[in-house]
Every structure is written in structure tokens, then in C-alpha cells.
Amino acid sequence: MDTSPPAREIQGRSPWTLAFARLRADRLAMISLGVIVLVTLFALTAPLWAAWTGHTHHSAHPRTGLDESGLPAGPSGEFWLGADSIGRDVLVRAAYGARISLLVGLAATALATLFGVVIGVLSGFLGGWADAVLARGMDVVLSFPYLLVAIVVAVTFGASVPLTIVVIAFFMFAAMARVVRGQVLSIKEKEYIEAARALGASTPRIMLVEVLPNLVAPVTVLASLLVPQAITFEATLSFLGAGVDPSTPSWGSMLNEAQEYYQAAWWYLCVPAGLLLATTFAFNILGDGIRDAFDPRTERLVRGRARRRRGKAAKR
Amino acid sequence: MIRFVVRRLAFGVVVLWVVSTAVFFLVFVAAGKPERVIGGPRATTETLRLIRRNLGLDEPLIVQYARFLGRLLQGDLGQSYINGAPVASMIGGRLQTTVVLVLGASVLWFAGGVLTGVLSATRARSFFDRLATLFVLAGLSMPAFVVALLMLYVLFSKAGDAGIHLFEPGPPLQENFWKRMTLPWLALAFLLMAGYTRLTRGAMLDVLGEDYIRTARSKGLPERRVVYRHALRAALTPVVTQFGVDVGVLIGSTIVTEKVFGLQGVGQLVVQSITVGDAPVILGVVLAVALCVVVANLLVDIAYSYLDPRVRLS
């Protein structure tokens with residue numbers, strides 16, 4: 001599983017290269033990275049699929065896509081993954097849906113990370129009343145019934161992709177800010193910060209040069225775990241009709257439409273559900289892998305303890 | 001202790017105030033055209049103006065806001081735009097279903113999550129542990145509605161329309177109670193259980209390495225007593241903290257679960273109100289949910305000091 005560096009390699013290796021090497025040795029994480037790459041390719045090639053099958057993501061084909069009783073037609077040469085309730089191509093729509101999921105997931109995480117880090121660093125480093133206000137603000141945001149408020153916002157301003165991204169980022173940044181603040185509070189007390197200050201470094205310089213680089217690992221770990229949350233959040237909003245605008249195909253809105261047809265048309269439900277689960281599953285496993293790569297201690301502790309206990313049991 | 005409770009309550013009031021203000025300006029100001037909803041598509045300009053006047057919407061915003069806060073302090077959530085019923089009683093009528101759903105799911109998920117966590121911590125790296133880890137990741141990756149939909153699909157795709165009737169909206173809760181609630185409970189519990197399994201496992205592994213556990217073992221206590229009495233109590237503190245945080249998440253997932261299973265609870269009420277733009281009802285539900293979150297967090301903090309006597313509430 002994890003390869004501790006062999007003794008002969010004495011050349012210096014940064015924590016980054018070490019973490020990267022550990023991640024590359026983690027087979028599950030690499031498989032999930034593969035899944036993510038595949039889903040990304042699927043999303044990027046959406047127009048190709050449309051051209052290939054001759055169906056666009058909003059063109060309905062009632063003659064070929066529905067059977068005599070008006071139910072969606074199953075997978076066939078014409079519709080590779082079946083058709084939906086008004087005869088649109090599920091494959092093509094799923095590919096365009098992948099674009100929305102990935103876009104919203106990554107953009108919302110990026111936005112939340114940016115604001116979370118800035119606010120967390122300011123709050124943790126400045127202390128005093130600025131910290132009190134910011135920290136309480138995070139608590140308030142975290143105790144919002146966020147799904148409800150998100151629905152209200154989406155309905156009030158009209159659902160759209162940029163709005164969905166902003167709303168999701170708003171409810172995620174507080175979690176990031178809180179973690180960053182905690183880290184900064186402990187980094188602040190380290191000797192090297194004192195040393196920098198004694199050398200005459202200004203507060204902004206200390207924040208950027210001394211504090212920020214030490215935040216990269218925890219922030220990367222948390223961000224990688226926020227991506228699947230953002231994707232799930234978007235799908236839930238779209239499922240409730242409050243996500244991206246209904247004319248854009250999204251996995252969540254496809255599932256909403258499929259709800260009434262799941263008995264007659266399994267593909268209608270299973271294609272978007274399967275893609276959604278595969279994507280979030282892969283991001284979660286990759287996130288776990290990244291955490292283990294940056295902080296291999298946790299796994300070793302577990303293993304060491306288990307061995308000790310087993311040894312004890314054997315003696316008994 | 002009392003000072004602590006008072007301070008937390010004060011913070012809770014601040015949260016409620018922020019939430020209500022934010023939602024007030026969102027639904028009343030930005031959404032803004034309730035007279036269209038009430039008057040219907042054929043109302044004349046004159047009727048629309050009259051409706052606005054009756055609702056007090058022609059007054060300056062700040063006056064409306066003050067009036068809203070004043071009513072709120074008296075516990076009055078206002079009336080629905082659609083049918084004029086008091087919002088408080090509309091929520092009250094739906095509360096039973098949601099409470100039953102949430103409580104049942106909480107019991108299942110807390111008990112299931114903690115038990116799985118303990119078992120996989122005491123058997124770290126075993127087959128069971130690996131299976132549990134996989135299950136945790138699956139649970140963490142699944143949105144509530146996907147779990148619910150897949151459950152319906154797996155159970156009822158072959159059984160003809162037996163399932164559809166069971167989950168048609170409408171009949172009172174008492175009818176077919178157990179049959180109708182089991183799936184929603186499981187769907188809701190499954191998703192949150194995962195996080196608790198992971199949390200309990202981690203906390204148990206930490207605690208089992210402590211010196212007092214070794215002492216308990218060397219006293220010759222049976223392993224079961226060491227694990228469930230000595231270790232679990234200490235391991236529960238982070239789990240209980242998380243429970244408080246998750247009340248909000250749970251209520252969010254309830255909205256979706258109610259929709260999938262056709263349960264007429266508070267979640268369905270708010271979704272329906274949002275689609276027709278019934279601002280007072282939306283606001284009422286959001287406030288009620290926020291209140292639940294605040295109270296739950298307070299209870300969790302108090303429970304915390306019972307579990308871990310070192311924690312002083314001050």
C-alpha cells in the first residue's frame with residue numbers, strides 16, 4: 001500500500017513529492033482518479049456524442065424514442081442508453097449533465113476555498129474583535145438550514161448555473177474558513193513566526209510567506225472532499241427544481257423527471273444515478289487518498305495498534 | 001451552567017434574527033409580487049393595488065420589516081397568501097409526519113452508526129472493517145434522493161404497482177404506518193449513518209490506545225465491559241457534537257425524502273409554497289427549522305458535559 005522511502009535515496013524530497021509518491025502508490029485512489037478522468041472526458045466530448053447519435057440534448061424524437069403506449073424506448077441502436085419520457089436521448093443528456101455537475105462542483109469548491117482561506121487566515125491571524133466577528137459569522141452560516149435557504153434563493157432570483165455556484169460556495173466556505181482558522185491559530189504560536197517577526201517581517205508578509213504555505217496540505221485535503229459535496233448539493237437542488245435552469249440537462253433534473261418512470265424505464269433512472277454515484281464516490285475515495293498521502297500517520301497508528309493488540313491476544 | 005445556557009440562547013436568538021432577516025428580504029422584497037399570486041392572472045390593476053394595500057405591502061420597507069419582527073416576537077408567523085390560513089397551524093398540521101420521520105431515522109442511524117463504528121474499531125483492518133469503510137464511502141457519496149429512488153426501484157420494479165399505492169401522497173399517516181415508514185426511515189438513516197460509523201471508528205481507535213483502557217484491561221475486566229462502558233463513553237463526545245451539526249443536514253434531507261416517498265410533511269409544504277411563491281409559509285418553515293437547529297445544538301452542548309465531566313460549561 002504505502003511505500004516508505006527506501007534508505008538509499010538520500011536526496012532531499014519536499015513534502016509535496018513525498019505526498020505525491022504515496023498517492024501514486026494508493027491503488028484505490030488511482031482507480032478513482034481514472035474514473036474522474038473518464039467522466040471528465042465524457043463531459044468534454046458531449047457535442048461529439050450528440051453528433052454521433054444525431055440527437056441534440058434538447059431535441060425530442062417522439063416517433064423513435066417512445067413506444068406505442070407512449071413510454072420511453074429502451075436502449076437500442078438508435079438510443080444507446082434509451083430515451084426519456086418525451087423521446088430525448090438519455091446518453092447525450094447525461095453527457096451534458098456531466099458538464100454541469102463537474103463545472104458546479106469544481107467552481108463552487110474553488111470559490112469556497114478562496115473565500116474560506118482569506119477569511120480563515122484573517123480571522124485566525126488578526127485575532128481580537130475581527131476574529132470574534134468573523135468566527136461568529138462562520139457559526140451563523142453553519143447553523144443556517146442551508147438547503148431550504150438555497151431553494152428560496154434559487155426560486156427568488158431564477159435558477160441558473162452561476163447562481164447555483166455562488167449559493168453552494170456560500171454555504172461551503174464557512175466550513176473551510178473554520179478549518180483554516182484553527183490551523184492558523186496553531187501555526188501562529190510556532191517559533192518560526194516569532195523568528196520572522198524578530199527579523200522585522202511585516203504582518204502581511206508573515207501571512208503570505210510564513211503562514212500560507214503551511215496551509216496548503218489541509219486546504220487541499222478539505223477541498224478535495226468538498227467537491228463531491230458540491231456535486232451532491234447541485235444534484236439535490238436540481239432534483240427539487242431549484243438548481244440549474246430546467247432547460248439545461250443536469251443529472252439531478254433528469255432524476256426528477258425519471259421519478260415517475262422508474263418502473264417502466266430503468267435506464268432513465270439508472271444512467272444519471274449511476275453516473276452521479278460513480279463521480280461522487282470517486283471524488284470521495286480520491287479525497288481520502290490525498291488525506292492519507294499528506295498525513296500517513298493516521299493509517300500507521302491504526303496498523304501499529306492493531307498489531308500490538310494482536311500480539312497481546314497471542315500472548316494471552 | 002445557567003450562564004452557559006443563557007449565553008447559548010442569546011447566540012441562538014442572534015442566529016434566528018439573522019436567518020429571519022435574510023429570508024424576509026429575500027422572499028418579500030426580491031420575490032415581491034404576491035398580489036399576482038393572490039389575485040390570479042385576470043386581476044385588474046385596481047384589484048392588485050387593493051391587495052397590496054391589504055397586505056401592507058405599499059408601506060415603506062422598513063415599516064414592513066418592523067411590523068414583521070413585532071409579529072414574530074409575539075409568535076405570530078402571519079397568514080398564507082394562498083388560503084389565508086395561519087402559517088403556524090399549517091406547519092403544526094404537517095409537523096407530525098416530519099417528526100416521526102426524523103426521530104425514527106435518528107434512532108436507526110445513531111444506533112447503527114455507533115455500533116458499526118465500534119465493531120470496526122475493535123476489529124481494525126479485518127474484513128468487516130474494510131466492508132464498513134466501503135459502506136461509509138458509499139453512504140457519504142450518495143445524495144438522499146438517489147438512495148430513496150434506488151430503494152424504490154429495487155424493491156418495487158418487480159412487484160407491479162404495489163409500491164406505487166403505498167407511496168401515493170394523501171392518506172393519513174396511521175394507515176399502513178409501518179409499511180410506509182420503514183423505507184423512508186432506512187433511506188434517511190443510511191446516508192447519515194456512514195459519517196457516524198467513520199467518526200465512532202476514529203474516536204474508538206484513539207480512546208482504545210489510552211492508558212486507562214490498559215488499566216481497565218489489566219484489572220481483568222471483561223473485554224466487552226472495557227469496550228462498551230469505558231471506551232465508548234469517551235468516544236461518544238465527538239459523535240454527539242456531530243449529531244448537533246447534522247440536525248440541519250437531516251432536516252434538509254427530509255425535504256427530499258418526503259418528496260420521493262410522497263409523505264405530506266413540513267418539507268413538502270415548503271416545496272409547494274416555494275413553487276407558488278407563498279412567502280409567509282416559506283419564511284415560517286425556514287424559521288421553524290432554524291429554531292430546531294439552535295435548540296438541538298444547545299441540547300448537544302449540555303449532553304457533552306454529562307458525557308465528559310472534564311468539560312465545564314461556562
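Key figures
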quantity: Residue-wise HN-Hα coupling along the stretch A:251-258, computed from phi with Karplus coefficients 6.51, -1.76, 1.60 (Hz; x: Gly, Pro); calculated: 4, x, 6, 4, 5, 4, 5, 6
quantity: Separation between Cα centres of the stretch A:166-181 and the stretch A:38-58, rounded to whole Å; calculated: 33 Å
quantity: For the protein assembly as shown, the fraction of alpha-carbon pairs in successive 20 Å shells from zero, as %; calculated: 16, 49, 30, 5, 0
quantity: Summed buried accessible area for B+A [probe radius 1.4 Å, Å², rounded to 100]; calculated: 4500 Å²
quantity: Residue with peak Gaussian network fluctuation, chain A [Cα springs, cutoff 10 Å], from A:ARG178, A:ARG22, A:ARG63; calculated: A:ARG63
quantity: Cβ-derived FRET efficiency at R0 41 Å, A:LEU114 paired with B:ASP58, nearest 0.05; calculated: 0.45
quantity: Of B:PHE243, B:VAL281, B:PHE135, farthest towards positive along the dipole that unit charges on Lys, Arg, Asp, Glu beta carbons give the stretch B:94-307; calculated: B:PHE135
quantity: Farthest toward positive dipole pole in the protein assembly as shown [+1 Lys/Arg, -1 Asp/Glu at C-beta], among B:GLY117, A:ALA235, B:GLY209; calculated: B:GLY209
quantity: Between the stretch B:211-264 and the stretch B:175-203, the alpha-carbon center distance in angstrom; calculated: 13 Å
quantity: Drop in accessible area of at least 40 Å² in the complex versus isolated chain, residues of the stretch A:143-160, 1.4 Å probe; calculated: A:SER143, A:PHE144, A:PRO145, A:TYR146, A:LEU147, A:LEU148, A:VAL152, A:THR156
quantity: The stretch B:94-307, Rg to Rh (Cα coordinates; Rh as Kirkwood inverse mean 1/r); calculated: 1.05
quantity: Carbon and sulfur %, accessible surface of the stretch A:14-315 computed with the full protein complex present, 1.4 Å; calculated: 67 percent
quantity: Computed [θ] at 222 nm, deg cm²/dmol, chain B (DSSP H ≥ 4; -39,500 (n - 2.57); rounded to nearest 500); calculated: -25000 deg cm²/dmol
quantity: Where labels lie 7 Å past Cα in the beta-carbon direction, separation of B:ARG71 and B:ARG217 in nm; calculated: 6.4 nm
quantity: Acute angle (nearest 10 degrees) that the helix B:61-73 long axis makes with the longest principal axis of chain B, alpha-carbon atoms; calculated: 50 degrees
quantity: Distance histogram for the stretch A:152-199 (every C-alpha pair counted, 5 angstrom bins, percent rounded to whole numbers); calculated: 5, 17, 15, 12, 11, 10, 9, 8, 6, 6, 3
quantity: Neighbour cut-off at most 15 other Cβ (10 Å), DSSP loop, GluC sites (Glu not before Pro), the stretch B:201-276; calculated: B:GLU210
quantity: Solvent-accessible heavy-atom area per residue, rounded to whole Å², over the stretch A:14-315 at 1.4 Å; calculated: 45 Å²
quantity: ³J(HN,Hα), Karplus 6.51/-1.76/1.60, whole Hz, each residue of the stretch A:192-208, x for Gly, Pro; calculated: 5, 5, 4, 4, 4, 5, 4, 6, x, 6, 7, 4, x, 5, 4, 4, 6
quantity: √(5λ) per eigenvalue of the Cα gyration tensor, the stretch B:180-274, largest first, Å; calculated: 40, 13, 8
quantity: Sequence-distant residues sharing a close amide H with A:LEU66 (under 5 Å, placed H); calculated: A:ALA73
quantity: Integer Hz, Karplus 6.51/-1.76/1.60 couplings in order for the stretch B:293-298, x for Gly and Pro; calculated: 4, 4, 5, 4, 5, 5
quantity: Efficiency of FRET from Cβ geometry, A:SER160 and B:THR47, R₀ 35 Å, rounded to 0.05; calculated: 0.60
quantity: Calculated FRET value between B:ALA22 and A:ALA278, using beta carbons and R₀ = 51 Å, to 0.05; calculated: 0.90
quantity: In the stretch B:189-271, the trypsin sites (Lys or Arg not before Pro) that fall in loop regions by DSSP, at most 10 other Cβ within 10 Å; calculated: B:LYS219
quantity: Estimated [θ] at 222 nm from DSSP helical runs (n ≥ 4, -39500 (n - 2.57)) normalised by residues in chain A, nearest 500; calculated: -24000 deg cm²/dmol
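The values are calculated or read from the model by the stated rules, or taken from the named source; none is laboratory data. From a predicted model like this one, the values you see are computed outputs, not experimental measurements. Don't worry about glycine lacking a Cβ; one is built from the backbone with ideal geometry, like all the others, and counts go over all protein chains shown. Areas reflect the complete protein model, heavy atoms only, side chains present, ligands, DNA and RNA absent. Shrake-Rupley method; radii C 1.70, N 1.55, O 1.52, S 1.80 Å.
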